[in-house]
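Engineer: Below is a structure I'd like to ask you about.
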Amino acid sequence: MTTTATRPRGAASAGPLKPMILTKLMLAGRRAPLHTTPAAVGLEYEDVRFTSVDGLDLRGWFIPSGLSAPGPVVVFIHGWLWNRLGNVGGQVPLADKDVEFLPATRALHAAGYHVLLFDLRNHGESARKVPVTYGPNEALDYRGALAYLRSRGDVDPARIGALGCSMGANTALYGTPEDQPVKAILAIQPAIVPHFNRNFALDTFGRMGPAMLKPVDPIYRLLRAPLLKDHDPSVPARRLGATVVQYVQGTGDQWGEMADVEAMSAVTPSSLGVIHYASGGRYEGYRYVNEEVADVAGFFVSNL
């Protein structure tokens, strides 16, 4: 297998079209191109495809541990506008930064773990079904990934873990209670969407920003999708049972709220608490996954 050297770049300033572009991205996601593969960090991998619980075609990579006996696996669940590799900064009209999954993938592989990287619906190479729901419908993709992993003879179905960032963390919290057992979750900056959207709108558009969100729930109602006003990952988190969860939240996050993540942790039966990760903004908080690789791997070694 070969890796592509091209790495898309370019500032994503949208000017007066920014509200329209962000609304489209909010509803439809983004098919961020795959700019490399696990081969770039010396890992063999398989191109895989499987279906979500509601029948959507999903694409990803399975990185085998190389060990002969059935072993543990960690599935990565990416954030909004990302893909299975993480995020390449500067492609959308957000104050975003690079977030890379391959360093942690390599560390987990070295520790004897299989890894599954896959694209959620409306992202990467997976099928489209709008709108993006920031967890509830994406959980159907995650549960499809769990079913796929349990079907593999080289995976120990009692030793499955998940790592999710933002929407991906929400997805793990929504999906796991419906599809146990999942032994451990590393939830990096999950968010309550109405709170996140309010803060994002204020930060991006000023005092008039929240008023721009008023048409959102009517659109979701027309699309027969879960309403964003009802979004709260702490509700399913109450039903996680014996699943060990480590939450991570950036201290300088201008959009998500530490209090929300603390509240999720408080109702999670087997929570290890919240790591308050020093950050200058939301994306610096996500970078826990590629800047604290030893801690990421260590969490799964200890709990999976």
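Engineer: Of the numbered conditions (1) surrounded by 24 or more Cβ atoms within 10 Å (Cβ to Cβ); (2) at pLDDT below 95; (3) not hydrophobic (A, V, I, L, M, F, W, C), G209 fails exactly one; give the number of that condition.
Structural biologist: Only one criterion in (1) surrounded by 24 or more Cβ atoms within 10 Å (Cβ to Cβ); (2) at pLDDT below 95; (3) not hydrophobic (A, V, I, L, M, F, W, C) is unmet by G209, namely (1).
Engineer: In segment 105-128, how many are farther than 20 Å from R143 by Cβ and out of contact with any strand residue (DSSP E or B) (no Cβ under 7 Å at 6 or more places or on another chain)?
Structural biologist: Going through segment 105-128 one residue at a time, the tally reaches 4.
Engineer: Answer yes or no: is there a residue in segment 134-148 that is aliphatic (A, V, I, L, M), over 26 Å from G29 (Cβ atoms) and surrounded by fewer than 24 Cβ atoms within 10 Å (Cβ to Cβ).
Structural biologist: No, there is no match, as no residue in segment 134-148 is aliphatic (A, V, I, L, M), over 26 Å from G29 (Cβ atoms) and surrounded by fewer than 24 Cβ atoms within 10 Å (Cβ to Cβ).
Engineer: Scan segment 167-203 residue by residue and report those that are closer than 17 Å to D253 by Cα and in contact with a Lys or Arg (Cβ under 8 Å, 6 or more places away or on another chain).
Structural biologist: Within segment 167-203, Q189, P194 meet the criteria.
Engineer: A further question follows. Hey, does segment 272-283 have a residue that's free of Cβ contacts under 8 Å to residues at least 40 places away in the same chain and at positive phi?
Structural biologist: yes
Engineer: Let me ask another. Which number in (1) within 15 Å of M26 (Cβ to Cβ); (2) surrounded by fewer than 22 Cβ atoms within 10 Å (Cβ to Cβ); (3) within 16 Å of the chain's Cα centre (by Cα); (4) not small (G, A, S) marks the one condition that D232 misses?
Structural biologist: Only one criterion in (1) within 15 Å of M26 (Cβ to Cβ); (2) surrounded by fewer than 22 Cβ atoms within 10 Å (Cβ to Cβ); (3) within 16 Å of the chain's Cα centre (by Cα); (4) not small (G, A, S) is unmet by D232, namely (1).
Engineer: Follow-up question, since we're still on this one. Test of understanding: among K214, K229, which residue is free of Cβ contacts under 8 Å to residues at least 12 places away in the same chain and either more than 20 Å from L120 (Cβ to Cβ) or of a type in the set (V, I, T) (or both)?
Structural biologist: So the residue among K214, K229 that is free of Cβ contacts under 8 Å to residues at least 12 places away in the same chain and either more than 20 Å from L120 (Cβ to Cβ) or of a type in the set (V, I, T) (or both) is K214.
Engineer: Kindly indicate the residue of segment 171-206 that is β-branched (V, I, T) and over 30 Å from M20 (Cβ atoms) and also surrounded by the most Cβ atoms within 10 Å (Cβ to Cβ) among those meeting that condition. Give the derivation first.
Structural biologist: Step one: filter segment 171-206 for residues β-branched (V, I, T), giving 171, 176, 182, 185, 188, 192-193, 204.
Filter once more, so that each one left must be over 30 Å from M20 (Cβ atoms): 176, 182, 185.
Values: T176: 27, V182: 24, I185: 29.
Among those residues, the one meeting the criterion is I185.
Engineer: Go through segment 86-113 and report how many residues are more than 15 Å from L34 (Cβ to Cβ) and either in a loop (DSSP other than H, G, I, E, B) or of a type in the set (S, T, N, Q) (or both). Quick ask: steps written out before the conclusion?
Structural biologist: From segment 86-113, those more than 15 Å from L34 (Cβ to Cβ) are 89-90, 92-97, 103-104, 106-113; that's our starting set.
Now restrict to residues that are either in a loop (DSSP other than H, G, I, E, B) or of a type in the set (S, T, N, Q) (or both): 89-90, 92-97, 111-113.
Residues flagged as more than 15 Å from L34 (Cβ to Cβ) and either in a loop (DSSP other than H, G, I, E, B) or of a type in the set (S, T, N, Q) (or both) within segment 86-113 amount to 11.
Engineer: Let me ask something else. So which residues in segment 243-257 are surrounded by fewer than 16 Cβ atoms within 10 Å (Cβ to Cβ) and not polar (S, T, N, Q)?
Structural biologist: G252, the sole residue that qualifies.
Engineer: Next question. If you go through segment 58-73 one residue at a time, do you hit one that is buried (at least 19 other Cβ atoms within 10 Å of the Cβ), assigned to a loop (DSSP other than H, G, I, E, B), at pLDDT 95 or above and of a type in the set (V, I, T)?
Structural biologist: no
The values are calculated or read from the model by the stated rules, or taken from the named source; none is laboratory data. For clarity, every value in this text was computed on a predicted model and none was experimentally measured. A quick note on method: Cβ atoms are made from the backbone with ideal geometry, for glycine too, and the neighbour counts reach across all protein chains shown.
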